[in-house]
Amino acid sequence: MVTGEYLNPVWLGFLGSLGAGLATGLGALPNLLFKNTSAKFMDGLLGFSAGIMLGATSFSLIIPAIKLSNAWITSLGIISGGISLGIANFLTPHIHTISDRKISSLWLFILAITIHNFPEGVSVGVGFGTGDLSEGFSLAMGIGFQNMPEGLAVSLALTREGYRPLRGIGYATLTGLVEPIGGLLGSGIVTFAHQLLPWGLAFAGGAMLFVISNEIIPETHRNGHPIEATFGVLVGFIVMMIFDNIFV
């Protein structure tokens, strides 16, 4: 365990989630080289993204929450996180598909992505708020890797709707910049109210499970490539498992 005894966990949570969010724009950079990508390839990438999120949720959020409290508190936190994301999903104008949608309003698009990215930032912030830097870095790296294929998917979608590649990359990066807001919130809450740490970990885990099931996996199966998407999930899960064991 690497602790942040001499470092402010709130700022670490902010910086870690900022780095993870900026990875969205990094992942969009290949849009400068090509505009057309096969649906099969994108489904595999988004499946990989879902696997990373699932691994981060399991190893870095839910299991630590159980160790710090018990299965009942963790279950309550998971349900609370899922319900919160469900309410936000219901109240916000939301567009589920990525590859061929008609974008009538950029702000509706950004609001939809905000629902997706905000709990990821919260999870990174909560990870650093534990005071265990290895946990925080593992989450930040995992979420960063997970954001890269999503950034490419968003950028390509915008380009197909007539936006210039650089503008698509810029907007893709912008969608990731909601994560440091969530990171600051997550790390701040668990740092100043330590008794909320297990609940915060479980809440972030529940929110991410909602995103995985409601957003990413249905999207990967929509184009008729479930096998590629499923193996993407498996590989992403394994990658996050390895990261978690290397850095913890």
- Message: Given the -39500 (n - 2.57) contribution per DSSP H run of 4+ residues, what per-residue ellipticity at 222 nm results for the chain, rounded to the nearest 500 deg cm²/dmol?
- Response: -25000 deg cm²/dmol
- Report, in order of residue number, the helices in the chain meeting two criteria: a C-alpha extent of 24 Å or more along the helix axis, and a mean Kyte-Doolittle hydropathy of at least 0.0; treat each whole DSSP H run as one helix. 9-28, 39-56, 71-91, 106-129, 133-160, 226-247
- Query: Using a Förster distance of 30 Å, how high is the FRET efficiency between S80 and F231, based on the Cβ-Cβ distance and rounded to 0.05?
  - Reply: 0.40
- Note on the structure: Rounded to the nearest 10 Å², the 1.4 Å probe accessible area of R222 is 90 Å²
- Heavy-atom accessible area order for F192, F41, F203, largest first, 1.4 Å probe: F192, F41, F203
- Task: Report the full-extension gain for the segment Q195 to K67: residue separation times 0.36 nm, less the Cα-Cα distance, to one decimal in nm.
- Result: 44.7 nm
- Nearest-0.05 FRET efficiency for I87 and L32 at R0 = 35 Å, using Cβ-Cβ distance, is 0.35
- Can you give the accessible area of L33 in Å² (nearest 10), computed on protein heavy atoms with a 1.4 Å probe? 150 Å²
- Task: Calculate the dipole size of the chain relative to its Cα centre from +1 charges on Lys and Arg beta carbons and -1 charges on Asp and Glu beta carbons; express the result in debye to the nearest 20.
- Result: 580 debye
- Point-to-point label distance, S213-A39, nm (Cα→Cβ direction, 7 Å offset): 2.6 nm
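What number, in percent, do you get for the relative contact order of segment 143-227 if the mean sequence gap of Cα pairs under 8 Å and at least 6 apart is divided by its residue count?
Working: 25 pairs, mean separation 13.2, N = 85.
Relative CO of segment 143-227 lands at 16 percent.
Do any trypsin sites (Lys or Arg not before Pro) in segment 19-81 lie in a loop, going by DSSP, with at most 13 other beta-carbon atoms within 10 Å of their beta carbon, and if so which?
Here the sparse-neighbourhood loop sites are K35.
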- Of S213, S187, H225, farthest towards positive along the dipole that unit charges on Lys, Arg, Asp, Glu beta carbons give the chain: H225
- Query: Most fluctuating residue of W199, W11, W72 in a GNM of the chain with Cα springs under 10 Å: which is it?
  - Reply: W72
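The values are calculated or read from the model by the stated rules, or taken from the named source; none is laboratory data. Just so it is clear, the structure is predicted and the values come from calculations on it, not from any experiment. Positions of Cβ are generated from backbone atoms using ideal geometry, with glycine treated the same way; all protein chains shown enter the neighbour counts. Please note that ligands, DNA and RNA were not included when accessible areas were found on the heavy atoms of the full protein model with its side chains. Shrake-Rupley method; radii C 1.70, N 1.55, O 1.52, S 1.80 Å.
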